[in-house]
């Protein structure tokens, strides 16, 4: 076990890295953040911020010498970076798991190989592949294989005649085309898996998206109990096949007949798991520290029904949003990420609402959402 007093490394300085840093420092660890942005939220909270590229040799040498173990807040860290660090210190999750999940083609192949259900899909690497892609039918979604997130790098394709133009809009990069399924809802499960193979799952979250970005998470998910049990069990099987150590999330589509289809795997804490900060015995970020340091996994019990709402840069006008609309409620919790520039679609924070009745938490969360959207600061 790596005990408090040691130094941990974090690749990435965004909000996930920031929340990891807060958890680690609260537990008594020092944290070194590597991020090229001098204003990164995690860098401001870390013991030390190395402001350099993720492949900078001197920066990686410093992390390897200084840190007992290193983790990451996002899956697009260059594979060479993870491999270089893993040869000199503990890296969790490992390079193999991250390499699979950072590329949709590799991820889909992994899921298919191990028998996990996915939407019908086809790989597009060259123009000749478009005919095969068309065979899955329309409407469909064309997704860039790497570096797509929050609805970016995706385009809907409604007919064969649109397919070439859609692929060209992706700069002819490698893509995956997926059949567009008729969904009842979407759910996700965050789990922690230790180096000893022990697993601690969090309750399934029901997720609502807007413009491809997570908007609202409702916990516990309003789906049949059998669906929640299978979602957790499938996430555990995926983690086992990946030989995963760390915190990860699996996003699912729930079909009309309640069958689950895997959408994506995230090898890190997840936006839909932010409810754990306020509503669980152990947050997903403390759990990330625990898995990184080979500590026993924390208790993941849900202490209260909870609803989480993302706060995007669209709410910011000439001034900050009217936070009094939220803070007047004693069961609402505000989390701002410390980002300097607010832009439409950028995640600036989130809030949670807790209540003994899920219906009450959801009603208040949505009312606050409407009030914030209507406040003068949100006018454009």
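The values are calculated or read from the model by the stated rules, or taken from the named source; none is laboratory data. What you see is a predicted model; the values in this text were computed from it and never measured. Cβ: placed from backbone, ideal geometry, glycine included. Neighbour counts: every protein chain shown.
Numbers below:
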| read-out | value |
| --- | --- |
| From the options 278, 257, residue that is surrounded by fewer than 24 Cβ atoms within 10 Å (Cβ to Cβ) and assigned to a loop (DSSP other than H, G, I, E, B) | 257 |
| Unmet requirement for residue 321, which otherwise passes all of (1) at pLDDT 95 or above; (2) touching a helix residue (DSSP H, G or I) at 6+ places or on another chain (Cβ under 6 Å) | (1) |
| Number of the exception - residue 314 against (1) modelled with pLDDT under 95; (2) part of a loop (DSSP other than H, G, I, E, B) | (2) |
| Selected residue (criterion: farthest from residue 84 (Cα to Cα)) from residues of the stretch 36-61 that are assigned to a strand (DSSP E or B) and more than 23 Å from the chain's Cα centre (by Cα) | 48 |
| Any chance residue 272 is over 13 Å from the mean Cα position of the chain (by Cα) and crowded, with 22+ Cβ neighbours inside 10 Å | no |
| Meets criteria (in contact with a helix residue (DSSP H, G or I) (Cβ under 9 Å, 6 or more places away or on another chain), in contact (Cβ under 8 Å) with a residue 12 or more places away in the chain, surrounded by 13 or more Cβ atoms within 10 Å (Cβ to Cβ) and farther than 16 Å from residue 228 by Cβ) for residue 177 | yes |
| In the stretch 95-115, the residues that are closer than 19 Å to residue 269 by Cβ and touching a strand residue (DSSP E or B) at 6+ places or on another chain (Cβ under 9 Å) | 97, 98, 100, 101, 107 |
| Criterion (assigned to a loop (DSSP other than H, G, I, E, B) and surrounded by 13 or more Cβ atoms within 10 Å (Cβ to Cβ)) met by exactly one of 361, 365, 342 | 342 |
| Conditions (1) out of contact with any strand residue (DSSP E or B) (no Cβ under 9 Å at 6 or more places or on another chain); (2) assigned to a helix (DSSP H, G or I); (3) within 20 Å of residue 25 (Cβ to Cβ): number failed by residue 289 | (1) |
| Any strands (runs of 3 or more DSSP E) falling wholly within the stretch 186-234 and containing at least 3 residues that are buried (at least 24 other Cβ atoms within 10 Å of the Cβ) and in contact (Cβ under 8 Å) with a residue 40 or more places away in the chain | 213-219 |
| Any chance residue 155 is under 20 Å from residue 104 (Cβ atoms), in contact (Cβ under 8 Å) with a residue 12 or more places away in the chain and buried (at least 22 other Cβ atoms within 10 Å of the Cβ) | no |
| Test: residue in the stretch 277-291 that is under 21 Å from residue 373 (Cα atoms) and touching a helix residue (DSSP H, G or I) at 6+ places or on another chain (Cβ under 9 Å) | no |
